[in-house]
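Participant: Following this message is one structure expressed as structure tokens.
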Amino acid sequence: MSVLPLDAADEVATEPVPPARRRGLPAFLRRPGGIFGATWLTFVIVASLTAPLWRPYEPAEQDTANALALPSAEHWLGTDPLGRDLLSRIFTAGSLPLLSSALMLVVAFGIGLPLALIAAERGRRVEQVISRLTEVLIALPATILLLAVIGVIGNRLYPVMAILGVMISASVYRVLLGVAQSVRQRLYIDAARVNGLGSLRVNLVHVLPSMATVVAVQAAQLFGIGLLIVAGLAFLGFGPGEPEPSWGFMIQDASGYIYTAPWLMVPTGLVLALTVVAANELADAIAGKVAVAGRAGRRRRRGPLRRAVAAAAAGTAEAPDPAAVLQVRDLSVSVDDGPDLVTGVSFALQPGRVLGLVGESGCGKTMTARSLLGLLPDGVSVSGGSILWRGRELVGLSEREMSALRGREIAMISQEPMVALDPMFSISSQLTGPIRRFRGVGRSEARKIAAELLRNVGIVDAERVLKSHPHQLSGGMAQRVCIALALTGEPDLLVADEPTTALDVTVQAEILSLLRALVRDTGLSVVVVSHDLGVVADICDDVAVMYAGQVVESGTAEAVLDAPAHPYTMALLGANPHVPEGEPVPERLASIAGTVPPPGSWPTGCRFASRCRFAQERCTVPFPELPAHGAGSVLCIRVDELSRDHAVWEPEHAGDEIATPLAPPAPVAGVSR
Amino acid sequence: MLAYIARRLALAVGTVLAAIVITFLLVHAGNTTPGAVRLGPGATADRIAAENEALGWNRPLFTQFTDYVGQLLQGNLGTSLIDGRDIAADLTDRLPVTASIALFATLLSGVVGILLGVAAAVRGGRTAQGITTGSGVALSLPSFWVGILLVYLLSLQLGWLPATGYTEFSTDPVGWATSLAIPVLTLAVGGAAIVTRTAAAGMREALAQEHVRTLRAMGTPQWRIRYVHALRYASVPVVSVLGIQFIVLFGGSVIIENLFALPGLGQASQVAAVSSDFPALIGVVVVATVVVVITNLLLDLLVAALDPKVRTA
């Protein structure tokens, strides 16, 4: 659940805007490569198959007076050494490679596809037998074997291409097996089987349609390869003999005239090349591969941002808190040219304290945390506000300036320890690299420090771990290594993004007590992102509860957890299965109806109103100023009434499942500020 | 790791045996007999039958097969039906030609492909688009056509390199290198295109990995993230595709050797196919299969050395 906000943001950032109206064309025909590929292939196929009907000359018709002519009105593409018309010859020659490649495809898929379906259906033993056989077939030198076939059965293209289809079926099987297996693993296939559909029907109705794209991509690619092979064979003299035209032999013929008539090799070669390019472009377009413009828009516009920052700083009445190491004021994070992900977030962190950012997935916790290091995903950036780190403004710093801070002053540990370490390098080299960079020590000294750091994070056999690679570690061990890595630069602030979410419960407790010990022993300040109130209660001194990109309540952990003032905090606590010792386990946990509204569709007024039990009509209109409450702050217009009435977010009673808040107000995009 | 190597070795031996079985069956399935090939057209059926008997063609297939394997293990591939030359000796002369073309083409594809692929992944935008389109075209071009274009350009127009022919390394090393240059370039066009695509995809995938974020969070310099960490991550698919390219280019040299009149294996297989010289055909298939199998084995070991997950398994 904790991974979601990031993914969602990435999706918002990268999802192309769908065309306003779809015209019923398949997707691949809306890409330039796909359009070119489909058009040219159709043209070549139609022109070749109908060549006898339209060709201006008979392919064998000689005009020796006009030999080796350049293009002219009479011969559009020129003539060959015997004065034969190239245009007529090229398209007359086309049907053989096109048809024999098609035959090769039919054979290759006719064998490969059923084998893949059978192997995926019948399980491991059958799959192993078929796979071993195809491995051998793939390892054979196809071209040379094909020549051996020709040596035996003679120069007969269709049977030769059919045999090539048999050889290629092994590669087809390889690719399709993977797809078939993954399709089969989907649950609805099991459901279909349980419903009594026969094996053939399951394959026809469910498995095959899911494989259509891969089959189409493979077919288009192999078709191009087939054309090249047919032409290559004809080039070697294994094609239709003279005077029959063939692409390969026409190019072979042209190679003898490059001194005197270089034009001769152009038309045939170009038609063949364009046809193969067309097949490959079509395959790419079907596969949905487009040249990724990915990192083009990386350079963010700093100019307007600096202004925004200055304006925000000027407009904030709050004076900088001199005691705080980190002060975030009015921070906004947005998708470039898209919706806001975080708006107006403010909090302060005192040295040696632990601040928790809490909330459901999609509330902007991770975005807030990552903006502290300037590590927002591509296409997402800080759009306003200020991050003061030890009196220095971090918003608007260049990548180089931020990079100099990372690791040395602010370090981060992430939620997935198993993928956070580079799988290709040993733990030793991953630790000693930064140690040498940060501390300017030699190789052996760095290794000593690395071992010491590992022991400090509770790893007993540090030497063995140093020699290991990430995949040899357990999740808890990997997270300890990640913490040790974060400590290599002796940072003053540690940003921990869901540090225990991916770990077993017992390991979670160990990692939390390790973090607690580090704070106690080293005076480190920590920002912890978590959806787990248990974690927050365990190690946080201060808490900021986030909902839909805002901090809705903040204060000391004690105050917020013991006496929640915002209905969302109450709801979170009510939904929390951690029961304090000595209290009875409630029969039912409270729940929060509905989901967090995604960025871009936040309602005006209170963003929690549509899910809040205590919401009233006035909650849905924008409120002018935030009511102050105690030492922390609470973003709720009814906070004083609620605390006076001792409102509690009760678990629902049976039959009371459907919460009855107001009808959700129509989301108004972009008016969230 | 040992079990892995043993399994790969078994597969390798199996593949070579399969190649022999397949070509044996192929040869015997056809309606041409070696006697007819040796005696040429116009020979009487009696003489052909006698010749086949003398060649051992009528013995049980299995005996012929075991005999062949026995001879093969002693390095004997028989003699040509056409001119009686020793096939093993002939192929030993030819193998270095084909192998060096394929090897140099693979190396060149690797260097160019990795540079372009990394540039596409790192620079993005227009650069990536141009490189993707260019490689898409390059891998679709028929090699023999590219070869002719290169001869026209480098040899006829610019006069830098000889158009065709082969010079022995022992007689003239420089001449040897220049005689291989255009064939190698020709093969490398398609090879580099494929390596480019693999390297670009591999680098893109590598840079999107979670651990790259950890590296950035540690303030690791950009060049180090790209050219030490991401490149290392992408090295496994790139090395695999280079191995496959060597095999593909080795096979593709049939056409190139024909175009450039190079005395390699490909040329031998073409000649053998034209003349139905069965022992020569089987010999070429066996040698080519052995090369492929050894390449695959080396590739497996190399990948295992590169990928800690395989190495420490």
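Participant: Under a 1.4 Å probe, what is the accessible area of the range B:87-311 per residue, stated in Å²?
Facilitator: So the range B:87-311 comes to 37 Å² accessible per residue, rounded to a whole number.
Participant: Could you check how many percent of all C-alpha pairs in the protein assembly as shown are farther apart than 46 Å?
Facilitator: Counting every Cα pair in the protein assembly as shown, those more than 46 Å apart make up 45 percent.
Participant: For the range A:430-520, what is the convex hull (Cα atoms) projected area averaged across all directions, in square nanometres?
Facilitator: Across all orientations, the range A:430-520 yields a mean hull projection of 5.9 nm².
Participant: Give the average, rounded to an integer, of partner chain Cβ atoms located within 10 angstrom of each Cβ in A:553-562.
Facilitator: 0
Participant: Still on this structure: Could you list which residues have their amide H under 5 Å from that of residue A:380, counting only those 5 or more apart in sequence or on another chain, with H placed in the peptide plane?
Facilitator: Distant-sequence amide H within range of residue A:380: A:336.
Participant: Helix B:2-29: angle to the longest alpha-carbon principal axis of chain B, degrees 0 to 90, nearest 10?
Facilitator: Roughly 40 degrees, rounded to the nearest 10.
Participant: Give me, ordered by chain and number, the residues 5 or more places off residue A:551 or on other chains with an amide H under 5 Å from its own placed amide H.
Facilitator: Those lying under 5 Å, H to H, from residue A:551 are A:346.
Participant: I've got another one for you. Highest mean first, how do A:558-568, A:148-158 rank when packing is the count of other Cβ atoms within 10 Å averaged over residues?
Facilitator: Packing order, densest peptide first, comes out as A:558-568, A:148-158.
Participant: Tell me, what ³J(HN,Hα) does each residue in the range A:50-61 have, in order and in whole Hz, if you take phi through Karplus 6.51 cos²θ - 1.76 cosθ + 1.60 with θ = phi - 60° and put x for Gly and Pro?
Facilitator: So the Karplus estimates, Gly and Pro as x, are 9, 3, x, 7, 10, 4, x, 10, 6, x, 9, 5 Hz.
Participant: Express the relative contact order of chain B as a whole percentage, based on alpha carbon pairs under 8 Å and six or more residues apart in sequence.
Facilitator: Dividing the mean separation by the residue count of chain B yields 27 percent.
Participant: Something else: Regarding the range A:94-287, what is the average projected area of its C-alpha convex hull, in nm²?
Facilitator: With the hull built on Cα positions only, its mean projection is 12.6 nm².
Participant: Note the buried accessible area between B and A here, summed over both chains, with a 1.4 Å probe, in Å² to the nearest 100.
Facilitator: 6300 Å²
Participant: Can I ask one more? Would you mind checking which residues have amide H under 5 Å from residue A:496's amide H? H placed 1.01 Å from N; only 5 or more apart, or other chain.
Facilitator: Under 5 Å from the amide H of residue A:496 lie the amide H atoms of A:413, A:527, A:528, A:529, each far enough along the sequence or on another chain.
Participant: Over the range A:362-425, what is the relative contact order in percent, taking alpha-carbon pairs closer than 8 angstrom and at least six residues apart?
Facilitator: Across the range A:362-425, relative contact order equals 24 percent.
Participant: Could you give me the ³J(HN,Hα) list for the range B:279-286, computed from phi with Karplus coefficients 6.51, -1.76, 1.60 and θ = phi - 60°, whole Hz, x at Gly and Pro?
Facilitator: Listing the rounded values in order: x, 5, 4, 4, x, 4, 4, 4 Hz.
Participant: Read phi for every residue in the range A:177-182 and hand back ³J(HN,Hα) as whole Hz from Karplus 6.51 cos²θ - 1.76 cosθ + 1.60, θ = phi - 60°, with x for Gly and Pro.
Facilitator: Along the range A:177-182, the couplings run 4, x, 5, 4, 5, 6 Hz.
Participant: I've got another one for you. Go ahead and set up a Gaussian network model of chain B, Cα springs under 10 Å, then flag whichever of B:110, B:35, B:191 fluctuates most.
Facilitator: Looking only at B:110, B:35, B:191, the biggest GNM fluctuation is shown by B:35.
Participant: Would you tell me the mean number of C-beta atoms belonging to other protein chains that fall within 10 Å of each C-beta in B:249-258, as a whole number?
Facilitator: 4
Participant: Take the Cα atoms of the range B:87-311, find their three principal axes, and give me the spread along each one in whole Å, biggest first.
Facilitator: Sorted from largest, the Cα extents of the range B:87-311 read 65, 44, 31 Å.
Participant: Pop out the carbon and sulfur fraction of the accessible area of the protein assembly as shown as a percent, whole number, probe 1.4 Å.
Facilitator: Its accessible area is 61 percent carbon and sulfur atoms.
Participant: Can you give the relative contact order of the range A:304-544 as a percent, counting alpha carbon pairs under 8 Å and 6+ residues apart?
Facilitator: Dividing the mean separation by the residue count of the range A:304-544 yields 26 percent.
Participant: Other chains' Cβ within 10 Å of A:325-334 residues: what's the mean?
Facilitator: That average works out to 0.
Participant: For a quick protection proxy, order the peptides A:476-485, A:66-75, A:506-515 by their average other-Cβ count within 10 Å, most packed first.
Facilitator: Descending packing order for the listed peptides: A:476-485, A:506-515, A:66-75.
Participant: Order A:520-530, A:125-135 from most to least packed using the mean count of other Cβ atoms within 10 Å.
Facilitator: A:520-530, A:125-135
Participant: Helix B:125-138 against the longest principal axis of chain B: what's the angle in degrees, Cα atoms only, rounded to the nearest 10?
Facilitator: Tilt relative to chain B: about 0 degrees.
The values are calculated or read from the model by the stated rules, or taken from the named source; none is laboratory data. Keep in mind that what you see is a predicted model, and the values were worked out from it rather than measured. Methodologically, a virtual Cβ is constructed for each residue, glycine included, from the backbone with ideal geometry; neighbour enumeration extends over all protein chains shown. Keep in mind that these areas ignore ligands, DNA and RNA; they rest on the heavy atoms of the full protein, side chains included. Shrake-Rupley method; radii C 1.70, N 1.55, O 1.52, S 1.80 Å.
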